[in-house]
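What follows is a single structure, written as structure tokens, with notes after it.
The values are calculated or read from the model by the stated rules, or taken from the named source; none is laboratory data. As the structure is a computational prediction, the values presented were derived from the model and not from experiment. Glycine also receives a Cβ, built like all others from the backbone with ideal geometry; neighbour counts cover every protein chain displayed.
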Amino acid sequence: MEAVVTKKKPKEPKEKPKYNLFQNSAYMISLAWRRQKSVLSLCVILAALAVAQNLLGLFVTPAILGAIESGASVGELVTTILWFAGALVLVGAANGYVGTNTLFGRLQLRLALTGFIHRKISTTSYPNTEDEDVRKKLEKAMSAVMANRSAGEAIWGTLTELLKNVAALAVYLVLISSLELWVAALVLGTTVTGFFVSNYLNGWGFRHRDEEADIMHRMKYIYDSSRNYTLAKDIRIFGMRDWLESLFASAIKLYRAFIGRGERVYIWANVADVVLTFARNGATYIYLIGLVLAGSLSASQFLLYFAAVGGFTTIVSGVLSTVSTLHKQSLDISTVREFVEYDEQFRFEDGEPLEPDGARPYEIELRNVSFRYAGAEKDTLHNIDLTIRAGEKLAIVGLNGAGKTTLVKLACGFYDPTGGEVLLNGRDIRKYNRRDYYRHFSAVFQDFSLLSVTVAENIAQTDVDIDMDKVRSCAERAGIAAKIEGMPDGYETHLGKEVYEDGTELSGGEKQRLMLARALYKDAPVVVLDEPTAALDPIAESDVYNRYNDLTGGRTSVYISHRLASTRFCDRVLYLEDGAIAEEGTHDELVRQGGRYAELFEIQSHYYREGATENEEG
């Protein structure tokens, strides 16, 4: 049997960040200046306190030893010790106090970035929500603001550390400059070499982060699936526990192998660090001892210079390390900015305002409209000419994939056509502020958002100034009032258990009725119902049909269904096939025509009759 060789996909070229380290640092400083100026001042104070604490630690022992060498009295020696001790305690306490208080402002700035991201998510052009590139940018942007250690907050600690290290470096350079030039060069050279060697070897994990992320993603998926209560029945019925455990064990084995590979690389970083540290400290130690033996240095000066060399090494490494960290954090900040500033396909604030008017008739026209999804080989809809007349009840039917939902999304302004135009009362909707255009629609889609808040808030879609009389009226019209009033807290009952332990779960049909109540509460001029009865039983479905006139209230309404019998109450029916309007007329007219609509209606009717017969026999 011939072996199958699986070729690895070539790596996609890395996208260059839009903003560099200096631009992103300036962006964060500007953000702090506008929103939390205290963050900037506290960063400077923290850096100054850290430098003072460092210098006190550097001079305390040489100063005490120098006092002893000079024959100072016990009182003078005690005074020196107490002075340094008091200074260290005061500076340390101030450092701790300022460090704690700076956290609040930094958190506020991270939350501001989070707010920018969430606003972009909830207001961006609808096609962006389906764009894979946008989704990846969103994922990266969210990881930059998820926690205190994320770049959106941690960058302030890095900037403070960099400021401290640069200030301390200047002080240490002054101290070491009094020694031979080769000593400073040796210390600087070994430190920089050690940093880059160690950084490269220790960066193995960063260079292989995608591989690690794939393994971790697999482990997390299996773990989350095993504890997902919605899958609990399947896990028990199909005996999936052993299978899930074996999958998790395989992922753990892969992760252990990955960690082992990394550790074999990291050990060489430690070896390089030991060798360079020995060369630097050994040469410096021998040189300083020589000066002491020659009488050029006192014991206290020896201790001061030797500590200064060690401190200089730490500071140089600190500067390089913080710059490296700042660069990584800058990349994360850049992902936030790139997502927030992602190009919009629609006009919003720069579009013409459009205020809904319930007393005004609204007519929607699709003129020679074609639409093709990104990456698709052919159009989903092509050359559609359709006028949805003011006050008309229009039904759109067809097989799965015929383009029903796409057509409605075009009419609602979620997409712009790739050919032709969509008009509202004769004007191209691309001219308008798209958010104003959305205000003209009340809709129930197949995929809807049920939030873990109260029933009333879900219906009103707000938590302030809720018109409870209107909420109750809409719930009654949607046929869900009795269910709500039977809940523990009525309209104040929490829904879902993701947030509240006392949350109530609704059935699929109850959720759809709640969404109908939400659409009624909005009270927009155009009503769109996309399979609003898909989760309802036949009796409940019939009830919704009987209420349809009351639900739409004489407004322009568009109704999508795969059940052809449900279109009887509509003024006009469109039958879509292969992305085009194949048939058009009332239900009775289409049945009399004997075309595809009539054929499918007969098939569905046959199943309904069979079901009724079986029930009677049972």
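Results, tabulated for the structure shown:
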| item | result |
| --- | --- |
| Selected residue [closer than 30 Å to Arg439 by Cα and in contact with a Leu (Cβ under 7 Å, 6 or more places away or on another chain)] from Ala112, Ala141 | Ala112 |
| Qualifying positions in the range 216-258 - surrounded by 14 or more Cβ atoms within 10 Å (Cβ to Cβ) and either within 23 Å of Lys497 (Cβ to Cβ) or free of Cβ contacts under 8 Å to residues at least 24 places away in the same chain (or both) | Ile222, Ser225, Ser226, Leu231, Ile235, Met240, Leu244 |
| Among (1) surrounded by 14 or more Cβ atoms within 10 Å (Cβ to Cβ); (2) within 18 Å of the chain's Cα centre (by Cα) - the single one Arg135 does not satisfy | (1) |
| Lone unmet requirement of (1) over 32 Å from the mean Cα position of the chain (by Cα); (2) more than 23 Å from Arg555 (Cβ to Cβ) for Tyr342 | (1) |
| Test for Leu175: is it in contact with a Leu (Cβ under 8 Å, 6 or more places away or on another chain), within 20 Å of Gly311 (Cβ to Cβ) and hydrophobic (A, V, I, L, M, F, W, C) | yes |
| Among (1) surrounded by 21 or more Cβ atoms within 10 Å (Cβ to Cβ); (2) small (Gly, Ala, Ser); (3) farther than 30 Å from Val292 by Cα - the single one Ala308 does not satisfy | (3) |
| Failed condition for Thr387, given (1) outside any strand (DSSP E or B); (2) exposed (fewer than 15 other Cβ atoms within 10 Å of the Cβ) | (1) |
| Residues satisfying the stated conditions in the range 170-191, i.e. assigned to a helix (DSSP H, G or I) and surrounded by fewer than 16 Cβ atoms within 10 Å (Cβ to Cβ) | Ala170, Leu173, Val174, Leu181, Trp182, Ala185, Gly189 |
| Residue, nearest to the chain's Cα centre (by Cα), within the range 60-76, restricted to residues that are in a helix (DSSP H, G or I) and loosely packed, with under 15 Cβ neighbours inside 10 Å | Thr61 |
| Close pairs (8 angstrom Cβ cut-off, 6 or more residues apart or separate chains): touching a residue at least 24 places away in the same chain (Cβ under 8 Å) in the range 126-148, in a loop (DSSP other than H, G, I, E, B) and among the polar types (S, T, N, Q) anywhere | Pro127/Gln345; Asn128/Gln345; Val134/Thr124; Ser143/Ser150; Ala144/Ser150 |
| Qualifying positions in the range 285-302 - of a type in the set (Val, Ile, Thr) and under 17 Å from Leu65 (Cβ atoms) | Ile289, Val292 |
| Condition met for Ser449 (surrounded by 15 or more Cβ atoms within 10 Å (Cβ to Cβ), among the hydroxyl-bearing types (Ser, Thr, Tyr) and under 29 Å from Ser561 (Cα atoms)) | no |
| Single residue of the range 570-602 satisfying the filter (farther than 30 Å from Glu377 by Cβ and loosely packed, with under 15 Cβ neighbours inside 10 Å) that is nearest to the chain's Cα centre (by Cα) | Asp571 |
| Check on Arg434, surrounded by fewer than 19 Cβ atoms within 10 Å (Cβ to Cβ), in the same structural domain as Thr567 (by TED's automatic domain parsing) and of a type in the set (Lys, Arg) | no |
| Conditions (1) touching a helix residue (DSSP H, G or I) at 6+ places or on another chain (Cβ under 6 Å); (2) more than 30 Å from Arg427 (Cβ to Cβ); number of the one not met by Arg337 | (1) |
| Number of the exception - Ala565 against (1) at pLDDT below 85; (2) assigned to a helix (DSSP H, G or I); (3) touching a strand residue (DSSP E or B) at 6+ places or on another chain (Cβ under 8 Å) | (3) |
| Matching residues, the range 509-524, being touching a residue at least 40 places away in the same chain (Cβ under 8 Å) and crowded, with 22+ Cβ neighbours inside 10 Å | Gln512, Leu514, Met515, Leu516, Ala517, Arg518, Ala519, Leu520, Tyr521 |
| Output for the range 288-327, where each listed residue is in contact with an Asp or Glu (Cβ under 9 Å, 6 or more places away or on another chain) and not hydrophobic (A, V, I, L, M, F, W, C) | Ser298, Ser300, Gly318, Ser321, Thr322, Thr325 |
| Residue within the range 404-412 that is at pLDDT 90 or above and part of a strand (DSSP E or B) present | no |
| Any hit, the range 342-354, residues being surrounded by 12 or more Cβ atoms within 10 Å (Cβ to Cβ), hydrophobic (A, V, I, L, M, F, W, C) and not in a loop (DSSP other than H, G, I, E, B) | no |
| Residue among Thr380, Thr335 that is crowded, with 18+ Cβ neighbours inside 10 Å and in contact with a Phe, Trp or Tyr (Cβ under 9 Å, 6 or more places away or on another chain) | Thr380 |
| Single condition Val171 does not satisfy, out of (1) over 30 Å from Tyr287 (Cβ atoms); (2) at pLDDT below 90; (3) of a type in the set (A, V, I, L, M, F, W, C) | (1) |
| Verdict on Ser442 being farther than 26 Å from Ala582 by Cα, of a type in the set (S, T, N, Q) and either part of a strand (DSSP E or B) or in contact (Cβ under 8 Å) with a residue 24 or more places away in the chain (or both) | yes |
| Residues of the range 143-153 that turn out to be surrounded by fewer than 19 Cβ atoms within 10 Å (Cβ to Cβ) and either in contact with a Cys (Cβ under 7 Å, 6 or more places away or on another chain) or of a type in the set (A, V, I, L, M, F, W, C) (or both), as a count | 2 |
| Hits in the range 490-508 (condition: at pLDDT below 90 and surrounded by fewer than 19 Cβ atoms within 10 Å (Cβ to Cβ)) | Gly496, Lys497, Glu498, Val499, Tyr500, Glu501, Asp502, Gly503, Thr504, Glu505, Ser507, Gly508 |
| Residue among Gly262, Gly282 that alone is at pLDDT 80 or above, part of a helix (DSSP H, G or I) and over 15 Å from Met216 (Cα atoms) | Gly262 |
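For (1) of a type in the set (Phe, Trp, Tyr); (2) in a helix (DSSP H, G or I); (3) under 13 Å from Leu506 (Cα atoms); (4) at pLDDT below 90, each residue gets a yes or a no:
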| position | (1), (2), (3), (4) |
| --- | --- |
| Gln446 | no, no, no, yes |
| Leu451 | no, no, yes, yes |
| Ala456 | no, yes, no, no |
| Ile459 | no, yes, no, no |
| Ile466 | no, no, no, no |
| Asp469 | no, yes, no, no |
| Ala475 | no, yes, no, no |
| Ile484 | no, yes, yes, no |
